[in-house]
Amino acid sequence: MRVSIDIKDLKNLINEAVREVLEEEKIKFFLASLPEVSQEEMRDIEETHGTPGNEKSVYGEEIEV
């Protein structure tokens, strides 16, 4: 099977694929760099700031990792 594609379209396709992979890796690195929170720290945070309620969030986004 042979597929022909313009060199400019091929470069654009490769650039887009590389950008997507880099974005995914950036998100994975960010999530891996977040420190763990102990139960004691979590209690301190909840005492200081309260527990999450049913407030409507200002912004939310779901990502697949």
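The values are calculated or read from the model by the stated rules, or taken from the named source; none is laboratory data. Since this is a predicted model, take the numbers as computed values, not measurements. Here the Cβ is made from the backbone with ideal geometry for all residues, glycine too, and neighbour counts use every protein chain on show.
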query = Give me the pairs: first residue in region 13-31 and within 21 Å of Glu62 (Cα to Cα), second residue modelled with pLDDT under 95 and surrounded by fewer than 10 Cβ atoms within 10 Å (Cβ to Cβ), beta-carbon distance under 7 Å, and six or more apart or on different chains, which are they?
reply = Ile27/Ile63; Ile27/Val65; Lys28/Val65; Leu31/Val65
query = How many of the residues making up region 6-65 are β-branched (Val, Ile, Thr) and assigned to a helix (DSSP H, G or I)?
reply = 7
note = Pairing a residue in region 35-47 that is without any contact (Cβ under 8 Å) to a residue 40 or more places away in the chain with any residue that is in a helix (DSSP H, G or I), where Cβ atoms lie under 9 Å and the two sit 6 or more apart in sequence or on different chains, gives Val37/Ile45
request  = Collect the residues in region 15-48 that are among the charged types (D, E, K, R), surrounded by fewer than 10 Cβ atoms within 10 Å (Cβ to Cβ) and more than 25 Å from Val65 (Cα to Cα), keeping them in residue-number order.
outcome  = Glu40, Glu47
inquiry  = Looking at Asn12 and the list (1) surrounded by 10 or more Cβ atoms within 10 Å (Cβ to Cβ); (2) of a type in the set (S, T, N, Q); (3) at pLDDT below 95, which single condition is not satisfied?
reply    = (3)
